[in-house]
Amino acid sequence: MGGSEGTATPRDRLVPASGAIAAVAVLGVMADYAHPFEPKALLWLPAVLGPIVTFLAFLRTARTPTLPEPTRRFWRHLSFALVFVSIGVTTQAFDVVTSDDPVGHHTGPVMLAFCTAGVGAIMYALFRLPLGRQSPGELLRVFLDAGTVVLAAAVFIWHYATRDALGGGDRTAVYTSLFVTVIALVAVFAVAKFVLSSHLYVNNGALRLIAAAMLIGAVGPMFRAPFEAVDPYLFPDMACTPIVYFFATMAAMRQRDAGLGARREIVAPPRRSFSLLPYVAVAAVDGLLLAVTVHQDADQLAVVVAAVLTTALVVLRQLIAFRDNNRLLRRLDHGATHDALTQLPNRVLFHTRLQQALTGATDHPVAVALIDLDDFKEVNDTLGHEVGDQLLIGVARRLADCMRAGDTVARLGGDEFVVVLVDADPATADLAAERMMNALRQPVYADGHELGIRASIGIADGRTGDEPSVLLRHADIAMYAAKKLAGTAYLHYEASMAAHGTEHAHLGAELREAITGGRLFLLYQPIVSLDDGRILGCEALVRWAHPTRGTLAPDAFIPVAERTGLIVPLGRWVLRTALAQLAEWIAEYGEPAPGVLNVNVSARDLREPGFAEDVGALLRGYGLAADRVVLEITETMALEPGQSITNLHRLRALGVRVSLDDFGTGHSTLTLLHDCPIDEIKLDRSFTQAQVDGRPPVAAAVIHLAQALGLHAVAEGVETAEQAEQLLALGYTAAQGYYFARPMPAEKFGELLREPASLMPVPQWQMSG
């Protein structure tokens, strides 16, 4: 495309050529009007050559591949109409030039037949155009406005043509004039109807230019009398016909430019509450009224002028009201298609733009990028919705600023944004994703807070003809896959992702049934004293008895539960079942029953407003002392201010103990241990099983920290006697792991309670002795 700059294309030359022909025609007629000259055939030459240029313009537009088929068909029909009209005009020119008596309009039967055929072809082209869906009221308004235009045209035709023909006594002239009048009025009505209607396939400006051309062609020949008085061989058709061709050429080029600029788009034009065309017709009739009464008596002229001024004031008042209505309609249209917070296109307009991008005669790539802000809910929960709104506005501006002119950035809702990338292959989509990542790299400053942005971007690559819903679903799958990567990241959709996503969706449906259908069960792992191996308590661990996959550990279904929202009912089932089991052990075994029961809770549980109250209700329902229940949370969960911290304080107020699980692997800080209501820390298995290499073990630092803060410490993942002995030497008093016992069903754990014994394995040297 860059190589064509500075070089005029045939399309660029057609409009100037048609304009030059029209200018020559007007100047020639003006010159002959001032000083008649010979030969007269020169004055008819522009009217004969003009349609050649216009025909080329129509043909180019009809062959533009980016235009919809109904549009190309419309311009093909106009090409046929132009041929008929040009033959009729050429016939008229030949008749006038060769006639010995040029007086009159010279509307011969041949010219009349071809011009009638041309007008009929134009009307057929207009009526073949598909219309948008309209209410009965809108159709009535269109026909009333079109009738106003036709009535005004009829007045002019009567005054300048039919009236004289009726008064001349020539019956042939009368019939001819009446026939032309009817054809002209029908043509004006057809054009007015479609100019005033909401169409889909013809450019608004192009159709108005066609309407202007037809009006000039219908009204221009009526002014024959002034020309005939100067020169019998001088016709207004010599000037107005090339002007008609010039307007038609501009209309064709306007349509073609619209098709090239807004390629493949089939969009209804902006809605207008009114059209100026009927008001122009009213003004024209008022002007004619003033012209025919200007020579009458003063009283009659005063009344006519007052009537015209009154009409003008009413029309002016209506136009002002219509202008205000248009502003309101534009605001309403914008509100219906744009997000109120970010002012980006909303879901409705996004789907429209995506459908447009995937529709067209030419094959081209289209990409959809779905952007989801990670941890946005925490911003709302901790800093408030006003800060969250400012974050969304900042993200929206950055995304909009880094897009190309033809792309669409929209907000789907919540913290989800989507981008339609037109003519974007995978490499181009990668560049767009990089621009988005760079734009989101810097934090957003909102209400004094510096907010870092982490986003996951999923890209679906498609082509013309793809289904919008499928493309959006693929982008959604890729976006969730990108969430598994660290930081802001993007991924293109791959078929393997769909299989994984389908598997997760199916697993989620099965999990819902498992929660209500009794396929979940709990195992219990003892927490023992490192000093003598006696049972201090236990931790409840959930398992899923899947009908085809066997027993599933939490790692296989907890992520699915969190994504589908099932983590809350799952957590309530675990808590309720575990507390019921503890109550049963206490009732059956008394003192040997576990002193404490550890239960894991999720971040979603802690964010539930009534979670602490629900735990309290369960404790009362099962008659349990609150200090015998330990709820295990992770460090990341404890870092979430807001409802999570509120629930932790309420649980502590009930007497429930809180344990910080997997300590050392998250965001542990002294401030966290000081500010959060924590009773216990559980040393992560990675530090328990660390090799002794001469350096001070992390486990030593953790136990000293726990002792200094008055926290109970439990070591997880103990698997060997050496690990147990080292932990005991460091000061740990409690531990759990495979060295003591694996997780077991409640019945097996009950056997341990029935015959209390040490779970500390006997050393090998004692067994051999």
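Shown in residue order for the range 607-622 are the 3J(HN,Hα) couplings computed by the Karplus curve 6.51 cos²θ - 1.76 cosθ + 1.60 at θ = phi - 60°: 7, 6, x, x, 5, 4, 5, 5, 4, x, 5, 5, 4, 5, x, 9 Hz (x for Gly and Pro).
Ignoring lysines fewer than eight residues from LYS377 along the same chain, the ones with Cα atoms less than 19 angstrom from its Cα are LYS483, LYS484.
Taking amide H positions as modeled 1.01 Å from N, with prolines and chain starts lacking one, the residues under 5 Å from HIS546 and 5 or more places away or on another chain are THR551, LEU552. Dipole magnitude for the range 347-493: computed about the Cα centre from +1 point charges on Lys and Arg Cβ and -1 point charges on Asp and Glu Cβ, it is near 160 debye. Residue by residue, the range 745-761 carries 3J(HN,Hα) couplings of x, 4, 5, 5, 5, x, 5, 5, 6, 5, 10, x, 8, 6, 9, 6, x Hz when phi is fed to the Karplus relation 6.51 cos²θ - 1.76 cosθ + 1.60 (θ = phi - 60°); x denotes Gly or Pro. Directionally averaged projected area (the range 504-755, Cα convex hull): 14.0 nm². From the largest down, the range 347-493 spans 51, 29, 23 angstrom on the principal axes of its Cα atoms.
Phi angles across the range 583-591 convert, under the Karplus curve 6.51 cos²θ - 1.76 cosθ + 1.60 with θ = phi - 60°, into 3J(HN,Hα) values of 4, 5, 5, 4, 5, 8, 10, x, 4 Hz, Gly and Pro given as x. When peptides 648-657, 751-760, 241-250 are sorted by average Cβ neighbour count within 10 Å, with the highest value leading, the order is 241-250, 648-657, 751-760.
Coordinate-derived values only; no laboratory data. On a predicted model such as this, the values are computed, not experimentally measured, just so you know. So basically every Cβ, Gly included, is an ideal-geometry build from the backbone, and we count neighbours across all protein chains shown.
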